[in-house]
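Read through the structure below, which is laid out as structure tokens, and then see the notes.
Bear in mind these aren't lab numbers, they're just calculated from the coordinates by the rules spelled out. Treat the numbers as computed from the prediction; the structure is a model and nothing was measured. Ideal geometry is used to build each Cβ from the backbone, glycine not excepted, and the neighbour counts take in all protein chains shown.
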Amino acid sequence: MLAHVSVPVSDPKNGLEAARRRGQVGGRPPVVDGDKRAAILARRARGEPIRTIATAVGVSIGVVHKTFTQPTLTPE
């Protein structure tokens, strides 16, 4: 039988806030930067198929779709 051991765990938000104060941002870096976004939007404006755009720019089809639907995010 395993005994229940209480291990103190600090609030994860405290650690995330401390990391932000140090200039560290968590999470996965974005795949599409400003140049790729511009290329994706320009190719679509010319009528290129989404699959062709994805292959040419080097991203997935889902990333191309997401680029069309999400507004431009500005870094803080």
In Hz, Karplus ³J(HN,Hα) per residue of segment 23-36 (6.51, -1.76, 1.60; θ = phi - 60°; x = Gly, Pro): x, 9, 10, x, x, 7, x, x, 7, 9, 9, x, 5, 5
Kirkwood Rh (inverse of mean 1/r, distinct Cα pairs), segment 23-76, angstrom: 11.9 Å
So, with points 7 Å from each Cα along the Cβ direction, the HIS65-ARG22 label distance in nm works out to 3.8 nm
Checking rank on 17-23, 46-52, with mean other Cβ inside 10 Å and highest first, the result is 46-52, 17-23
